[in-house]
Every structure is written in C-alpha cells, then in structure tokens.
1. Can you say whether A:Tyr17 is at pLDDT 90 or above and within 16 Å of DNA strand C (Cβ to nearest atom), as far as the supplied structure shows?
2. Restricting to region B:1-11, and then to whatever is within 12 Å of DNA strand D (Cβ to nearest atom) and closer than 27 Å to B:Leu163 by Cα, can you tell me which residue is modelled with the highest pLDDT?
3. With respect to B:Ser54, determine if the residue is away from chain A (no Cβ under 13 Å) and among the polar types (S, T, N, Q).
4. In this structure, is B:Asn52 more than 8 Å from DNA strand C (Cβ to nearest atom), in contact with a Ser or Thr (Cβ under 7 Å, 6 or more places away or on another chain) and open to solvent by 40 Å² or more (accessible area, probe 1.4 Å)?
5. Is it the case that region B:27-41 has a residue that's basic (Lys, Arg) and within 11 Å of DNA strand C (Cβ to nearest atom)?
6. For B:Ala165, indicate whether it is touching a Ser or Thr at 6+ places or on another chain (Cβ under 7 Å), more than 14 Å from every other protein chain (Cβ to nearest Cβ) and among the hydrophobic types (A, V, I, L, M, F, W, C).
7. Checking A:Ser128 against (1) within 12 Å of the chain's Cα centre (by Cα); (2) within 11 Å of another protein chain (Cβ to nearest Cβ), which single condition isn't satisfied?
8. For residues in region A:57-80 being touching a strand residue (DSSP E or B) at 6+ places or on another chain (Cβ under 7 Å) and over 20 Å from A:Ala204 (Cα atoms), which is surrounded by the most Cβ atoms within 10 Å (Cβ to Cβ)?
There are 2 protein chains.
Amino acid sequence: MAIRPAEQLIHKAAWLYYAHGLRQDQVASQLNISRASVAMYLRKARETGIVNISTSTQLFTDDVLARKLEDALGLDAVWIAPENAHIADPSTEIAVLAASVFLELVKKGDRIGVAWGRTVYMIADIMSYADLQDVTVVQLCGNLGAPYSYRPDQCTMEIARRLNAKGLNFYAPLVLSTEELARALRAEPVIREQLSGVRDCDLALYSVGAVDADSHLVKCGALTPDEMAGLRSRGAAGVIAGQIIDAEGKVLDCSYNRRVISAELASLRAIARRLMVVQEDSKFEPLLAAIAGGLCTHLVVGARMAQRLLDHAAATTEKAS
Amino acid sequence: MAIRPAEQLIHKAAWLYYAHGLRQDQVASQLNISRASVAMYLRKARETGIVNISTSTQLFTDDVLARKLEDALGLDAVWIAPENAHIADPSTEIAVLAASVFLELVKKGDRIGVAWGRTVYMIADIMSYADLQDVTVVQLCGNLGAPYSYRPDQCTMEIARRLNAKGLNFYAPLVLSTEELARALRAEPVIREQLSGVRDCDLALYSVGAVDADSHLVKCGALTPDEMAGLRSRGAAGVIAGQIIDAEGKVLDCSYNRRVISAELASLRAIARRLMVVQEDSKFEPLLAAIAGGLCTHLVVGARMAQRLLDHAAATTEKAS
DNA sequence: CACAGCTCTCGACAAAAGTCAAATTGGGCA
DNA sequence: TGCCCAATTTGACTTTTGTCGAGAGCTGTG
C-alpha cells in the first residue's frame with residue numbers, strides 16, 4: 001500500500017477537498033491517511049496543476065487607459081499593470097500579470113510559439129502550473145550558447161514543464177558566421193520543418209528587445225557593441241525573436257539578419273493570438289516598431305508605458321488630421 | 001473611499017492573494033483594511049467566479065472502464081463516478097463530477113443549450129461560480145408550469161447565473177393541448193428564432209428521462225400514467241428535452257410529440273459537444289436509446305451504469321459477429 | 001542478510017484563515 | 001437637520017491548515 005501513493009491519491013485528495021469541499025481531516029479519514037499527508041498531497045496537486053487556481057485579469061483590462069489603447073492601436077486586448085509607489089517591483093507585477101494572462105489565453109490542444117529573453121523567462125518562472133492536455137510549446141528561434149539561464153531553449157522547456165506540455169526545441173544556433181551557412185541550415189529538413197511549423201501555432205508569447213549595448217545579442221556575443229550601434233544608425237529599432245526590425249516593424253536588411261535562424265515575421269503574424277509583454281520603460285521605440293509591424297494582438301505593459309503609447313498615438317493622429 | 005468598495009477591492013484582494021501569493025494580513029495592510037475584510041472579499045471573489053478553482057477530472061477518464069466505453073460506444077469522452085460502499089451518495093458524486101466536467105468543457109464565447117430535469121438542476125445547484133465572458137445559455141425546450149424548482153427556465157437561469165452569462169429563456173409551454181396550436185406557435189417568429197438558434201450552440205447539457213409513471217412529464221400533468229404506459233408499449237424508450245424517443249433514438253411518432261415545443265433532435269445533433277449526465281441506474285434503456293440516436297458525445301455516469309453499458313455493448317458485438 | 005538510501009507518513013506545534021457579534025459608516029428620508 | 005436602515009468593517013475568538021523533524025517501510029547492494 002505504500003508504494004507509489006502518488007498520482008491516484010493526489011487526485012482523490014484534491015477531488016474531495018476542492019470539488020466536494022471537505023475539510024482536510026475529513027479527506028484524511030476518507031482516505032485513511034493522516035491529515036498532514038493530505039496537506040502535502042494538496043500542495044502537490046496545486047504544484048502539478050491537478051487543481052487550477054486562476055484569478056480573472058479583468059481588473060487590468062477594465063482600466064479606461066487599457067480600453068483607449070486597444071482602440072488607438074487596434075489591438076485585441078491590452079492589460080495594464082499599475083505602477084504605484086507602494087508596489088514593490090513594477091516589473092515583477094508585469095510578469096505576474098503576463099503569466100496570468102498567458103494562462104488565460106492558452107487552450108487545450110494549442111500549439112504555442114515562445115521566444116526568449118529575460119521577460120519571457122521571468123514569466124515562465126512565475127507562472128503557476130497547469131495540466132493542459134495536448135499542448136505543444138515550440139521554440140521560435142535558434143539558440144544562443146550563452147551561460148544565461150534564459151536561453152531560447154530554456155524558456156521553451158520551462159514553459160512546457162509548467163503546462164505539462166510537450167516542448168519542441170530548436171537545435172540550431174541563433175546566429176551563424178556566414179550567410180551561406182545560415183541559408184544551408186535553413187534548408188535542412190529538420191530546421192525547415194520547425195520553422196514552417198511556426199505558422200500553425202495558435203498563440204505566441206514574446207517580448208521585444210532593445211537595440212543597444214545592453215541587448216542580449218551583444219551580451220551573448222552575437223553582435224559587438226559597435227555593430228549594434230551601426231545597425232541602430234541604419235534604422236534598427238528593435239529585436240523580435242532574435243531578428244532586428246526597423247521602425248516599421250519590417251526585418252532590417254542587413255547581414256546579421258541574413259545570418260539568423262528564426263521564424264519569419266510573416267509566420268509570426270500568421271499566429272492568431274500574439275501576446276507581447278514589455279517590462280522596461282526603455283523599450284518604447286522597440287515596442288512601437290513591433291506594434292507597427294503587426295507583431296502583437298495582445299499586449300501587457302506597465303502604466304507608464306501605456307500612457308506613453310497613448311500620448312504618442314494621440315500626437316500621431318493629431319498630426320495626420 | 002467607501003462608495004462601491006465592492007468590485008475593485010475584491011479584485012485587488014483576490015489578485016494580491018491568489019496571483020501574488022501574499023498572506024491575508026499582507027493583503028490587508030497593502031489595502032489598508034482589516035484582515036477580516038480581506039477574508040470576506042476573498043470569499044466573495046470565489047463566489048462570484050473572480051477566482052476560479054478547478055480540479056482536473058482526469059482521474060475519472062483515466063479509468064480503464066471509461067476508455068473501453070469510449071471505444072465501445074464511439075463517444076468522445078466518458079467520465080465514470082465511483083460508487084464504492086463508503087461514498088455517501090453516488091448520485092451527488094455524479095452531479096459534482098458532471099459540474100466539473102461541464103465547467104471544463106465550457107469556453108469563452110460559447111453558446112450553451114440546456115435542457116431540464118432533476119439531474120440538470122442538481123448540477124446547476126452544485127456547480128461553482130465562474131466568470132465566463134460572452135457566454136449565452138439557451139433553453140432547449142418549452143416550459144412546464146409545475147411547481148417544481150427544476151423547471152426548464154429555472155435550470156437555464158441558474159446555470160446562466162453561475163457562469164455570469166446571459167440566459168435566453170423560452171417563453172412557450174412545453175406541451176400544448178392540440179397539434180394545430182403547437183404548429184402555429186412553432187411558426188411564431190420569436191419561437192422559431194429560439195428553436196433555430198439551437199443549431200448554433202457549441203455545447204449542450206442534458207440528461208435523459210425514463211418512460212414511466214415517475215417521469216416528470218407525468219408528475220407535471222403533461223401525460224397521464226396511462227398515456228405514458230401506452231406510449232411505452234408503442235416503443236417509447238426515453239425522454240430528451242421533453243420529447244419522447246424510441247429505442248433507436250428517433251422521435252416517436254405520436255400525438256404527444258407533435259404537441260411539444262422543443263428543439264428538434266437534428267438540431268441537438270448539430271451541436272458539437274453534447275454532454276449527457278445520467279444519475280439513476282434505472283435509466284439504462286433510455287440512455288441506450290439516447291446513445292443510439294447519437295444524442296451524446298460526452299457522457300458522465302456512475303460505475304454500475306458504465307459496467308452495464310459495456311456488458312451490453314460486448315453482448316451486442318458478439319451477437320453480430 | 002544487514003545496511004544505507006530513498007521516499008512516504010505521522011504527530012505536534014505554529015501559522016494562517018474563517019467566523020461572529022458589535023461598532024461604524026454612509027445615504028436616504030421625514 | 002437629524003434619525004434610521006442597511007451594508008460594511010473590525011477585533012477577538014475558534015477552527016483549519018501548513019510545516020518540520022522523527023520514524024517507518026521498501027529497495028537495491030555489498
């Protein structure tokens with residue numbers, strides 16, 4: 001009776017406690033175990049997603065600002081994390097919100113495309129566990145060999161783990177040293193398949209990167225600070241899934257981009273729900289570029305960023321009229 | 001600060017507690033209210049569906065028996081409620097399970113068709129609250145004037161209330177005294193619209209009724225016990241949404257059926273997900289009829305009933321071969 | 001066959017959550 | 001204006017839940 005008490009008992013305990021509303025001691029006597037064990041099973045049940053506790057993110061969309069932004073930018077939904085003085089860490093708040101929103105957007109059977117970066121990894125890390133069936137998490141771009149813990153494959157795998165889903169990793173470097181090699185690699189069946197599979201995703205999760213010396217692309221050695229500065233002066237406005245985009249959200253015509261192995265922007269746009277999360281206030285221009293490029297339908301940002309976006313949209317409209 | 005503390009505060013408290021994982025006293029000090037208030041808000045949040053606690057019903061489909069039944073009967077999914085000696089009330093267990101399954105099947109934006117009966121009402125009564133947006137609950141058949149608390153409109157409204165959804169009621173009697181009147185009423189735009197709207201449902205919830213003197217149709221005076229017995233001898237095998245079906249699951253050709261205002265079986269079959277819940281062991285034949293008629297894709301039953309269904313299916317197959 | 005090594009289990013204590021009657025507040029109404 | 005009603009809030013109390021270290025049971029190994 002003592003071997004592998006696991007699954008079955010956890011399920012039963014969770015069922016009696018959460019669905020029937022029994023108390024822990026009642027569950028304990030039903031199952032002939034101690035109450036302490038019941039408490040432990042329940043914790044496991046929550047940790048593995050057998051029970052699911054989710055809170056509505058309604059509050060954050062109800063915001064008048066959020067509504068205005070949806071209209072102004074033509075987005076499907078916007079969530080705005082408050083940034084009051086007494087909120088410890090706004091960027092955590094944004095990540096927590098993003099995790100909830102993400103879980104709200106995922107459905108059974110979905111195929112989810114995930115990019116990488118500090119933001120995405122932070123969301124993955126905060127996200128509660130769920131027991132989605134038949135969900136596949138696919139990596140949107142090649143890997144970086146960096147020692148960071150938020151490498152593309154890490155992000156994908158961690159999210160897959162949290163959702164109890166299948167993770168589809170991408171076994172290619174993000175950037176190659178020559179364009180020829182990149183072209184050849186892209187043509188490889190394994191890679192080609194993965195890249196074309198991106199179109200079939202139902203949901204995408206990513207952030208946008210800044211074009212500066214702090215960028216991960218620089219930190220990981222994919223680009224030197226000088227190269228980055230050069231690209232910037234040639235119109236680079238942001239980074240999406242490892243690719244550099246201009247202010248209009250189009251792929252910048254440059255050698256770097258031609259050496260990158262990543263999902264094409266057109267494929268990304270083919271995904272019905274594209275959730276973009278931006279934590280840093282400094283990513284205003286990159287975000288504008290991403291929005292201009294139609295790379296997001298659902299947006300999670302902080303209050304300050306939201307206000308800036310709205311002001312910008314208003315100014316643009318005014319100028320146009 | 002005290003006007004309409006409601007919604008806003010409930011949301012915030014729920015958010016801090018469930019999403020951020022703060023303790024109640026921490027939430028209290030954040031919001032400058034007493035911990036007791038926080039506890040109260042959290043209860044309200046759970047009651048209104050602002051937070052959602054759901055337990056996976058995996059356990060009940062994992063059952064080998066359930067798998068076999070799915071295959072044998074060609075259903076999409078089967079859930080089997082255990083009926084061990086130490087389970088207080090098997091029919092409550094079935095209803096609790098059905099409520100969870102139902103909530104698992106509902107999606108945002110769905111249109112849900114609901115029939116009536118003791119089982120359906122019991123499910124509605126047990127079901128926890130949720131905050132689905134844009135959900136519409138439609139009544140599948142006309143009303144009975146009976147003093148029962150599980151009248152068709154009650155079932156519909158209660159479920160709508162629990163889901164925070166819109167309830168679409170049916171303002172017509174279930175049975176009329178003459179066929180002409182029923183025909184005329186069915187032709188009325190309001191009614192016709194409601195009936196044709198059934199096809200657009202994404203999910204249906206119903207049980208099946210028995211053809212005997214205990215049937216609600218008899219208890220409500222729609223049919224006399226003698227009439228019922230007569231129908232039975234003419235092949236009546238069950239009752240679906242107020243209509244009498246034969247062993248093959250087709251509408252029985254009889255005056256009663258022609259006097260009924262209800263969704264056509266073809267419309268019901270047009271609904272993608274049809275959840276049927278049967279509590280009573282006595283409803284074996286009616287259930288067989290409903291399954292034969294293709295009226296259910298998802299099934300929730302007790303263990304004994306499941307076994308009988310499987311035995312029956314095995315016997316039938318054997319005879320055929 | 002004894003012994004680590006492992007996980008699971010339990011009892012007891014500490015912490016957190018639920019509850020209730022009393023007090024307070026705001027708003028409508030004479 | 002002042003009073004009353006209903007709803008909300010609170011402090012104090014009880015109940016329920018979480019946690020920790022000790023112990024028990026099983027497994028594989030020397």
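1. In short, yes.
2. B:Ile10
3. In short, no.
4. Answer is yes for this residue.
5. Yes, region B:27-41 contains a residue that is basic (Lys, Arg) and within 11 Å of DNA strand C (Cβ to nearest atom).
6. Yes: the conditions hold for B:Ala165.
7. For A:Ser128, the failing item is (1).
8. My answer is A:Leu69.
The values are calculated or read from the model by the stated rules, or taken from the named source; none is laboratory data. Owing to the predicted nature of the structure, the values given are computational and were not obtained by experimental measurement. Note that we place each Cβ from the backbone using ideal geometry, even for glycine, and neighbour counts take in every protein chain shown. In case anyone asks, the SASA skips ligands and DNA or RNA and just uses the protein heavy atoms, side chains included. Shrake-Rupley method; radii C 1.70, N 1.55, O 1.52, S 1.80 Å.
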